[in-house]
Each structure stands twice: as C-alpha cells, then as structure tokens.
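Everything on this sheet refers to the single structure shown next.
Every number in this text was worked out from the coordinates using simple rules, so none of it is lab data. Owing to the predicted nature of the structure, the values given are computational and were not obtained by experimental measurement. Glycine also receives a Cβ, built like all others from the backbone with ideal geometry; neighbour counts cover every protein chain displayed.
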Amino acid sequence: MKKTSILLGLFLGCVSQAQIQPTIDKNNVVRIETKLAADEMEGRAIFTPGIEKASVFIEDEFKNIGLSFYGDLQNYRQEFNVKGKKANNVIGVLLGRTKPEEYVVFSAHYDHLGLERKRKDKVYNGANDDASGTTAVIALAKYFKENNQNERTIIFVAFTGEEVGGFGSKFFSDNINPKQVVAMFNIEMIGTESKWGKNSAYITGFEKSDFGKILQRNLKGSNFNFNPDPYPSQNLFYRSDNARLAALGVPAHTISTSKMDVEPNYHQLSDEVETLDLNNMTEIIKAIATSSTSIIRGEDTPSRVIK
C-alpha cells in the first residue's frame, strides 16, 4: 500500500505540473483581439478617444499579467509629443534572471486609421492591422511571465503612431541603448493565412542577420515554417516599427503573414475580426514563442543587421 501511495503521489505531482505548464490559449487570443478591434475603440487613430481606450486596455492587461514598468517610468505609458500633441507607447517588462542588461523586444503597433465619417460602416477596426500583432504581444507577455525561464530581460511594447509616420517606434528607439537590444520580434498582421497557407509566416529582412535561421532551427521538427519575405519589392523591412532599431544595427525584424499583393482588407473598413483565422493566428503566436526560446534563454545571440 505504501509503495502504491508513493507512486500515486508522484503521478499526481506530474499531472499537476503538466496542468500548470504555460501555453498560448486560443480563448485568450480571441478575447484580446475582439476587444482591440471592437467598434468602441473607434479605429484607434492617434490623438483620439479611441486610442486612449486601447491604451488603457493594454495597460490593464500588462498589470494583470504582472509586468514591471520600463526604465524610470512610473506606469506603463511612455509619453511623448508629436507636433505639440500628446501620445504614448505602452510598455511592460519582464526582468531577466541572469542577463538583465540584455534585452529582447516583442512589439506591435496598436494604432490604426480611426473613423470614416462618410460611410455607413464608419470604423476602421484594424483587426489584422495591427490588433493581431498587439494581441500576440499581450499573449506572449502572459506566456513568458508564467514560464519564468527568461535569462534576458523581455520588453513588451505596443507602439502608437505607426500609421502616421512611425512616431512611437522612433521615440522608443531614440531612448534605448541599441547595444543592449539583442533582438526585436516585431509582429505585424498575422491574422490571415500566408501565401504558403496555414502554419507559416515570413520574416522581413531575412538575409540581413541570422535571426531568421535561429528561429527556423528552434522550430525544427514542428509543422510550422518561417520563410524569407516573399515581397522584396515592397521594402517591408523598412515599412514597420522594426526599421528604427534595425537602422542602428539591431537584429530587428517583422514577422507577418499578410499577402501584401492580394490582401483584400488591408487599410479597408472591412478589416474586422470575422475576416481572421483565429485558430491559425493562435498557432503563429505559439510558433513565435517556441522560435524565440534560445534567444530568450541567452543561448543564441543573432548577428547584427547588415546595413
């Protein structure tokens, strides 16, 4: 009886550990995405009540997850001015266990195009662009917090002002030491299938560092594939929030699935949650988490960007 009780205890202990393993939960992904792309956010244009609502929502998510504040900030807002108007990024931090001075950044922009007054459907919901990326950042923050295996410090940032000139990422990049940033995972439009179908995405500027090869290696044996950007003529590497840090030599790349040559809802009023494949989007977020493992743990350091 005693031996049986011990074995049963060990079994239950293993089950308990398995149950608490962190994961990327689809229901949570759906909840966050649906909230960010809701009509009440009024299209999340910079300098509007809608972007303020979105900021508060992201801040609350970071608080509930238990992220720390960035640098000397007293809250999750990194505030700055754009032509005399106030704007803010939203930043949360997960301190590294053994390499706290080395940073890995996960980012997306939470602003979009706002309202179209002359149409019946007035809200540019921006479900794919880029509520999908912002959802990924929040979901990844929860995952890594629960996992508690990051040797390097992880910075989770939702940028504002991408749609009107990249103001948020510029301010962030101007106020961080680029030598401390080991890698940047910028996530932009992952709500639709890529040109290769499900369980795949592409990395912009793939040839400019070995960032992509590290991610591919970490995914070896899985059914997910990261590919080089198939739209080089569109210069996507320079058109998203990764560009500012990449210009400073940081291996800062954007992960996306958007079919930029045939994406029907890009910058349209029709970019709504119903057009997204949320199952596939959840798998993409999981793949990003897995692919970053060796970088997060301090085992791999991507080469600096080739200018």
A chain fully extended from residue 23 to residue 177 at 0.36 nm per residue, minus the present Cα-Cα distance, gains in nm 52.3 nm
In degrees, nearest 10, the alpha-carbon axis of helix 132-147 is tilted away from the dominant principal axis of the alpha carbons of the chain by 20
Under a Gaussian network model of the chain whose springs join Cα atoms within less than 10 Å, the largest fluctuation of 214, 190, 46 belongs to 214
Per GNM of the chain with C-alpha springs under 10 angstrom, the most fluctuating residue out of 238, 103, 124 is 238
Taking only the Cα positions of the chain, the convex hull volume per residue in Å³ is 152
In units of 2.2 N^0.38 Å, the Cα radius of gyration of region 162-256 is 1.09
Stretched fully, the stretch from residue 98 through residue 64 gains (0.36 nm per residue minus C-alpha distance, one decimal, in nm) 9.8 nm
By the mean-Cβ-within-10 Å protection proxy, highest first, 139-146, 275-282 rank as 139-146, 275-282
HN-Hα couplings for region 105-114 via Karplus (6.51, -1.76, 1.60; θ = phi - 60°), in whole Hz with x for Gly/Pro, come out as 10, 10, 9, 6, 9, 9, 7, 8, 9, x
Checked region 148-307 with the C-alpha gyration tensor, a ≥ b ≥ c its square-rooted eigenvalues, rounded below a/c of 1.5, otherwise prolate if a/b is larger than b/c and oblate if not; verdict oblate
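First measure r as the distance between the Cβ atoms of residue 117 and residue 164, then evaluate 1/(1 + (r/R0)^6) with R0 = 30 Å and state the FRET efficiency to the nearest 0.05. Intermediate values should be presented prior to the final figure.
Working: r = 18 Å, r/R0 = 0.60.
For residue 117 and residue 164, the calculated efficiency is 0.95.
For the pairs 35/63; 26/122; 85/208; 26/170; 26/220; 26/198, note any where the Cα-Cα span goes beyond 27 Å.
Details: 35/63 17 Å; 26/122 29 Å; 85/208 36 Å; 26/170 32 Å; 26/220 23 Å; 26/198 16 Å.
Pairs exceeding the cut-off: 26/122; 85/208; 26/170.
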By the C-alpha gyration tensor axes a ≥ b ≥ c (rounded if a/c is under 1.5, else prolate when a/b exceeds b/c, else oblate), the shape of region 212-306 is oblate
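Given an 8 Å cut-off on Cα distances and at least 6 residues of separation, report the relative contact order of region 40-296 as a percent.
Numbers: 527 pairs, mean separation 56.5, N = 257.
With pairs under 8 Å counted, the relative contact order is 22 percent.
So for region 24-164, averaging the separation of alpha carbon pairs under 8 Å that are six or more residues apart and normalising by length, what relative contact order in percent results?
Numbers: 264 pairs, mean separation 47.2, N = 141.
So the answer I get is 33 percent.
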Which of 126, 197, 166 fluctuates most in a GNM of the chain (C-alpha springs under 10 Å)? That residue is 197
